[in-house]
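Have a look at the structure below, then the notes.
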Amino acid sequence: MIKLTDKTLTVLDTGDCPISALTEFYQLLLKAGADEIEMDWKTAQRLGDALIPERTVIALEHPVQLTPGCAKRVCHITDLMVEPRPVFEIQINDVREISQLARYAGYGKLRITGLSNLMSYDFQSVFQQLRKRLSIEPELCPIDEFGCAAAILTEWVMDGGSGVGTFAGIGGYAPLEEAVMALRLARRHKPRLDLSILPRLCELFTQLSGVAIPPHKAVIGSAVFDVESGIHVEGILKNASNYEPFSPELVGARRRIVIGKHSGIASLRCGLSALGCDVPEAKLPFLLEEVRREATRLSRALSDGEVLALAGKARDGT
């Protein structure tokens, strides 16, 4: 059974954020593919009645921080012995440290954080070693030091394990939205999941964290579906699945033809059509040269206004 835990609210300091934004963020994380949401005790107290105990994990720092009915508790302090036993979090920075796991066999439930270099090894053999040295299946929370954490997490979950990550990879963990999408494509996991809420989730994330989502961030970046290269545009216009593993509508985004120095006639024609601008076919090659020259000068793609200005000059012969 696939099970994913989102620990974004454990990483973020949300003490000063509006309770309405915090509540909406928590609710949308649950709708975006996470089975459980982990948070510290103070955040759980702030959420109050909005909290869904059976889908909430509490990160403990002290035995009194108990929230009745919560799915489970996790703790990285191994001498904090409370009942029922929490999930103990341990860090393994290198695959070669797995041989030391036997010392934790008696702790019961475990979460392993780290293993950023796992993709440099035969990861399936490493998974077997993890299970062999422990009496119970551990959760895996890979660190994203080499940009492979989402892949590690996805492979672990597809191999039957439970995984932990954060939204947009905040805190240096696996970007959970990437694992959710990979599982959807590879295993048809939650095919009816509505991911069109992701743009709003990004807005709330930035509001709570102060961290802007990079435009080309996989799955959630605002420019993920921007296309400039002429050959790519032509291929997408013929069959979008040639270049897109999922449609922009699935994640609440839209495809945008960007006009710049890599554009071709097909992309220029499509871009002009989207702008409602009509330029005679015979003048398109001249306009394309002007577009490429200006984009090269500016070292960026052109804005809609800049494209329209050049199109006007080309149409009028100026």
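Among the residues of region 169-189, are any on the phi > 0 side of the Ramachandran plot, in contact with a Pro (Cβ under 9 Å, 6 or more places away or on another chain) and not in a loop (DSSP other than H, G, I, E, B)?
Yes: one or more hits.
Examine region 239-246 for a residue that is under 20 Å from Ala32 (Cβ atoms), part of a helix (DSSP H, G or I) and touching a residue at least 60 places away in the same chain (Cβ under 8 Å), and state whether such a residue exists.
No, that holds for no residue.
Specify the residue that is farthest from Val224 (Cα to Cα); the eligible residues are those in region 247-260 that are assigned to a loop (DSSP other than H, G, I, E, B) and without any contact (Cβ under 8 Å) to a residue 40 or more places away in the chain.
Filtering region 247-260 for residues that are assigned to a loop (DSSP other than H, G, I, E, B) and without any contact (Cβ under 8 Å) to a residue 40 or more places away in the chain, the one farthest from Val224 (Cα to Cα) comes out as Ser247.
Picking from Asp194, Asp122, which residue would you name as being among the charged types (D, E, K, R) and without any contact (Cβ under 8 Å) to a residue 12 or more places away in the chain?
Asp122
Can you tell me which residues in region 200-231 are closer than 29 Å to Val307 by Cβ, in contact with a helix residue (DSSP H, G or I) (Cβ under 8 Å, 6 or more places away or on another chain) and not in a loop (DSSP other than H, G, I, E, B)?
Answer for region 200-231, where residues must be closer than 29 Å to Val307 by Cβ, in contact with a helix residue (DSSP H, G or I) (Cβ under 8 Å, 6 or more places away or on another chain) and not in a loop (DSSP other than H, G, I, E, B): Cys202, Val227, Gly230.
Here is a yes/no grid of residues against (1) in contact with a Ser or Thr (Cβ under 9 Å, 6 or more places away or on another chain); (2) closer than 21 Å to Asp226 by Cα; (3) touching a residue at least 12 places away in the same chain (Cβ under 8 Å); (4) assigned to a helix (DSSP H, G or I):
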site: Arg269; (1), (2), (3), (4): no, yes, yes, yes
site: Val279; (1), (2), (3), (4): no, no, yes, no
site: Arg297; (1), (2), (3), (4): no, yes, no, yes
site: Ala301; (1), (2), (3), (4): yes, yes, yes, no
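If you scan region 172-202, which residues turn out to be hydroxyl-bearing (Ser, Thr, Tyr) and closer than 29 Å to Asn117 by Cα?
Tyr173
Name the single residue, out of those in region 154-183 being in contact with a Gly (Cβ under 6 Å, 6 or more places away or on another chain) and free of Cβ contacts under 8 Å to residues at least 40 places away in the same chain, that is farthest from Ile197 (Cα to Cα).
Trp156
Considering (1) in contact with a strand residue (DSSP E or B) (Cβ under 9 Å, 6 or more places away or on another chain); (2) within 29 Å of Lys190 (Cα to Cα), say which one Phe123 fails and leave the rest.
Against the list (1) in contact with a strand residue (DSSP E or B) (Cβ under 9 Å, 6 or more places away or on another chain); (2) within 29 Å of Lys190 (Cα to Cα), Phe123 comes up short only on (1).
Taking region 126-151 only, how many residues are touching a strand residue (DSSP E or B) at 6+ places or on another chain (Cβ under 9 Å), outside any helix (DSSP H, G or I) and under 18 Å from Arg103 (Cα atoms)?
6
FYI, it's all coordinate maths here, none of it is from the lab. These figures come from a predicted structure and were not determined experimentally. Heads up, the Cβs are rebuilt from the backbone with ideal geometry, glycines too, and the neighbour counts pull from every protein chain shown.
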